[in-house]
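Read through the structure below, which is laid out as structure tokens, and then see the notes.
The values are calculated or read from the model by the stated rules, or taken from the named source; none is laboratory data. Everything numeric here is computed off the predicted structure, so don't read it as measured data. Using ideal geometry, Cβ is built from the backbone for each residue, glycine included, and neighbour counts are taken over all protein chains shown.
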Amino acid sequence: MAPSEPDAARAAVVIVGGHEGGAEVAVEPLVEQGPLLRASSVGHSLEDAVQQALDGTDLPVCVVPMTLGRDPQLVADTARTLTWLTRGPMAGRVMLAEPFGNATLLTGWLRVAVARVVDPFDAPDLAVLLTARAANSFDNAELFRIAHLVKSRGDLPWVEVAFRGGEPDVAEGVERCEQLGARQVVVVPADFGPAVDVPMAGVIDGWPLLTPPEISGMLATRIAAALLKLSRGDDGIAAGLDADHHHGHGGTAWRESDYDDD
């Protein structure tokens, strides 16, 4: 049976986060949509949030992977979890939206954020340090690639990378900028978290990357597109399964038997 037309483009929304901190973001009320629930990770946390949404409303449930573009495994693992959840009577009520962001969008957001914090200083000896919570080697390497793209479109002599809880850490990143000749260092987050875990003397904090209204606007766009696809019979889950296919680590292999024993 084909799914019914969405009711006034409304849905219960579940945002699921990974190492980029997307589950903890501040979101302005999504007035046009339904209730908002959060899952701190895929697996049981996501299952519980989706089930709560299904039990609490008759609206369709839209799951949005909160990656800025550096966590394709989050998208694929979310799709695997939803594949199990949508067996039987839940089919047609749950949809997977496109990821919140992608590498192209993240590059653009970073360029805007860098310009916002750098322009008032107009300093030729100023460096930008992009930071993110440490993840796996492939997602970390993607940030170095994006940093190169950010630098190539600006007039900055230095755009470096550091990781909160990883190597190089933020203090090492600041030191490298200074060794290269920078007299001022602007630290800009490349994920949903703060630029630094604790304030650092002599460092300009460029947090946050996106404001709550900006996050809400992007979410609304993803939800509307997912609802339109659902009305045409596409819940988006099949497409999400291949999100990490060319990402190197490939994620954790999904097997039917992982769920058949329940």
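Condition test on Arg70, is it in contact with a helix residue (DSSP H, G or I) (Cβ under 8 Å, 6 or more places away or on another chain), surrounded by fewer than 22 Cβ atoms within 10 Å (Cβ to Cβ) and either at pLDDT below 95 or not hydrophobic (A, V, I, L, M, F, W, C) (or both)? Against the criterion (in contact with a helix residue (DSSP H, G or I) (Cβ under 8 Å, 6 or more places away or on another chain), surrounded by fewer than 22 Cβ atoms within 10 Å (Cβ to Cβ) and either at pLDDT below 95 or not hydrophobic (A, V, I, L, M, F, W, C) (or both)), Arg70 does not qualify. Just checking, does the range 251-258 include any residue being modelled with pLDDT of 90 or more and outside any loop (DSSP other than H, G, I, E, B)? No.
Taking (1) in contact (Cβ under 8 Å) with a residue 60 or more places away in the chain; (2) surrounded by fewer than 24 Cβ atoms within 10 Å (Cβ to Cβ); (3) in contact with a helix residue (DSSP H, G or I) (Cβ under 8 Å, 6 or more places away or on another chain) in turn, Arg133 satisfies each apart from (3).
Quick grid of which residues meet (1) at pLDDT 95 or above; (2) closer than 15 Å to Ala190 by Cβ; (3) charged (D, E, K, R):
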residue: Thr78; (1), (2), (3): yes, no, no
residue: Leu96; (1), (2), (3): yes, no, no
residue: Pro99; (1), (2), (3): yes, no, no
residue: Leu105; (1), (2), (3): yes, yes, no
residue: Val117; (1), (2), (3): no, yes, no
residue: Ala123; (1), (2), (3): no, no, no
residue: Leu126; (1), (2), (3): no, no, no
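Screening the candidates Gly248, Gly217 for the property of being among the small types (Gly, Ala, Ser) and either modelled with pLDDT of 95 or more or part of a loop (DSSP other than H, G, I, E, B) (or both) yields one hit, Gly248.
Taking each residue of the range 37-51 that is free of Cβ contacts under 8 Å to residues at least 60 places away in the same chain and under 15 Å from Thr86 (Cα atoms) and looking for partners that are among the basic types (Lys, Arg) and in a strand (DSSP E or B) with beta-carbon atoms closer than 7 Å, six or more apart or interchain, yields Ala49/Arg38. Among the residues of the range 188-213, the ones that are over 19 Å from the mean Cα position of the chain (by Cα) and within 15 Å of Glu160 (Cα to Cα) come to 3 in all.
Against the criterion of being in a strand (DSSP E or B) and either farther than 18 Å from Arg111 by Cβ or in the same structural domain as Trp84 (by TED's automatic domain parsing) (or both), Ala162 qualifies.
Within the range 100-129, the set of residues being within 17 Å of Pro65 (Cβ to Cβ) and touching a Gly at 6+ places or on another chain (Cβ under 7 Å) comprises Phe100, Gly101, Asn102, Ala103, Leu105, Leu106.
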